[in-house]
Structures are given as structure tokens and as C-alpha cells.
1. Pop out the ³J(HN,Hα) list for the range 50-63 in order, Karplus 6.51 cos²θ - 1.76 cosθ + 1.60 with θ = phi - 60°, rounded to Hz; leave Gly and Pro as x.
2. How large, in percent, is the carbon and sulfur part of the accessible surface of the chain at a probe radius of 1.4 Å?
3. Suppose R0 equals 30 Å; then what is the FRET efficiency for Met11 and Ala35 from their Cβ-Cβ distance, rounded to the nearest 0.05?
4. Can you give the angle from 0 to 90° between the axis of helix 23-36 and the longest principal axis of the chain, with both taken from C-alpha atoms, to the nearest 10?
5. Before rounding to the nearest 500, sum -39500 (n - 2.57) across all DSSP H runs of length at least 4 in the chain and divide by the residue total; then give [θ] at 222 nm in deg cm²/dmol.
Amino acid sequence: MASRDELIKYMTQQLVTYMETPLEQRKQKREAAKAAKEPWLTRWFGIAPLGIALWWRKRRSRL
């Protein structure tokens, strides 16, 4: 029973904090999080696509 009350209290605190934060500050935080996120290709397949892309560019420039 206490955990449910704690959960409700936590959710209420988060909601109030969100509502009190100015809109511009929320937008800036969202944009900063997007900019910090790595590209999906790297996230899904690791560094291999980057290596292949570099190799392909080098190969094309030689031809």
C-alpha cells in the first residue's frame, strides 16, 4: 500500500516540476537531448557502417 502512495507522490512531484518549468527551458532541454543522441546507424550496427563508408569514399576518390 505504501509503495502505491509513494508512486503517486513521485508522479505528482514530477508533474508539478514539469508544469512549473518554462516552455523555453523545456524546449532547450529536449533539443540538447536530441543533439546528444548518436545516429541510428551507429546505435544499431556499431562502428562497422562508419568504416565501410570511409572505405567506400576512399575507393570512389581513387577511381
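The values are calculated or read from the model by the stated rules, or taken from the named source; none is laboratory data. The shown structure was predicted, so the numbers you read here are calculated from the model rather than taken from an experiment. Neighbour counts run over all protein chains shown; Cβ positions are idealised from the backbone, glycine included. Accessible surface areas use protein heavy atoms only, side chains included; no ligands, DNA or RNA. Shrake-Rupley method; radii C 1.70, N 1.55, O 1.52, S 1.80 Å.
1. So the Karplus estimates, Gly and Pro as x, are 5, x, 5, 4, 5, 4, 5, 4, 5, 5, 5, 5, 6, 7 Hz.
2. On the way: 4000 of 6440 Å².
C and S fraction of accessible area: 62 percent.
3. That pair, Met11 with Ala35, gives E of 0.60.
4. Helix 23-36 sits roughly 40 degrees off the main axis of the chain.
5. Numbers: 4 runs with 54 residues, N = 63.
Per the formula, -27500 deg cm²/dmol.
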